[in-house]
Amino acid sequence: MRKTMQIMLVAIIPLFSGCAFLQELFSQIVTTEVPTRERMQGVWEVTEAYDQNGVSILDKISFPPVTGFQLSSDNGAISTAGPMITYIVYGPGKYANVASKIDLVFNYTKIEPNNGEWFIDDGVVDRFTFEMRLRNLSVPGLTSLQEMLKWFGVYTPILNEVIYHKFYDVKVIIDDRKDSIMEWEFDDSTTTKYYMKDGRGEERAITLNTDSFSRCRFVLTKRVKDLTDLIRDASN
């Protein structure tokens, strides 16, 4: 809709070449479209989730209390999306084998949200980069995140490390009629990179196939509260 309006306005402007006021007015309308970066900022809750066949997976990735993201203007991202990212990275087959234990690792009523970053070009665009860090956790009943990764067959030689999961070219769509609805799609144009960092901050690869991630689509609804309040309200 927005792109169609732009094309129509650009086509109309020459018709009013003799009227400077109207030409300036149309030019301002064309150039004042809100950048995607600005529209994405804020707190979002995942309210729908689908696999590549269109089957809902919301019940698989939304462990209590809530799956949410807080995207800030300085590219910071905090979230309670550990189960969601785990499903995408390791696939439904391996995920199903350990789903009963995932809630022990990602109990956001007792631990802090996961940190990450997000990056996007200026202007109105439809692709962005998202990075999420899963840190080594000490959880009753489990030794650490390292133990969970072993369930998936991932070897991590360094204890107390952070696993970086980076997704390039994630598709983003924000409803033209309503800024409170956004979609993310991890599709065939999306690429991934997984790694750890050593004491010098240098990247260290981990044994994980970057091509086998799950193609999924998520619908996010904007919430007028911060992520902490979203978690607390969902827990009550």
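The values are calculated or read from the model by the stated rules, or taken from the named source; none is laboratory data. All of these numbers come straight from a predicted model, not from anything done at the bench. Using ideal geometry, Cβ is built from the backbone for each residue, glycine included, and neighbour counts are taken over all protein chains shown.
Would you pick out the residues in region 67-103 that are part of a helix (DSSP H, G or I) and at pLDDT 80 or above? Before you say what the answer is, go through the steps one by one.
Looking only at region 67-103, we keep the residues that are part of a helix (DSSP H, G or I), and these are 82-103.
Of everything in region 67-103, those that are part of a helix (DSSP H, G or I) and at pLDDT 80 or above turn out to be Gly82, Pro83, Met84, Ile85, Thr86, Tyr87, Ile88, Val89.
Within region 30-59, how many residues are assigned to a loop (DSSP other than H, G, I, E, B) and among the polar types (S, T, N, Q)?
4
Could you say which residue among Arg37, Arg2 is within 30 Å of Asp226 (Cα to Cα), modelled with pLDDT under 95 and of a type in the set (D, E, K, R)?
Arg2
Show me the strands (runs of 3 or more DSSP E) entirely contained within region 130-236 in which 2 or more residues are at pLDDT 90 or above.
Of the strands (runs of 3 or more DSSP E) lying wholly inside region 130-236, those with at least 2 residues that are at pLDDT 90 or above span 162-174, 181-186, 191-197, 216-223.
Could you check how many residues of region 52-70 are surrounded by fewer than 16 Cβ atoms within 10 Å (Cβ to Cβ) and within 17 Å of the chain's Cα centre (by Cα)? Step through it out loud before you land on a result.
Pass one, region 52-70, residues surrounded by fewer than 16 Cβ atoms within 10 Å (Cβ to Cβ): 52-56, 58-59, 64.
Okay, now just the ones that are also within 17 Å of the chain's Cα centre (by Cα), so 52, 58.
Adding up the residues that qualify gives 2.
Can you find even one residue in region 208-216 that is farther than 30 Å from Arg39 by Cβ and crowded, with 18+ Cβ neighbours inside 10 Å?
Yes, because at least one residue in region 208-216 is farther than 30 Å from Arg39 by Cβ and crowded, with 18+ Cβ neighbours inside 10 Å.
Name the pairs whose Cβ atoms lie under 8 Å apart, with the first residue in region 123-141 and over 16 Å from Ser79 (Cα atoms), the second basic (Lys, Arg) and at pLDDT 65 or above, and 6 or more positions between them or separate chains?
Asp126/Lys171; Arg127/Lys171
Working only within region 195-223, note down all residues that are over 15 Å from Tyr164 (Cα atoms) and without any contact (Cβ under 8 Å) to a residue 24 or more places away in the chain.
Result: Arg200, Asp211.
For region 170-187, enumerate the residues that are surrounded by fewer than 18 Cβ atoms within 10 Å (Cβ to Cβ) and within 22 Å of Ser214 (Cβ to Cβ).
Passing the criteria: Lys171, Ile173, Glu183, Asp187.
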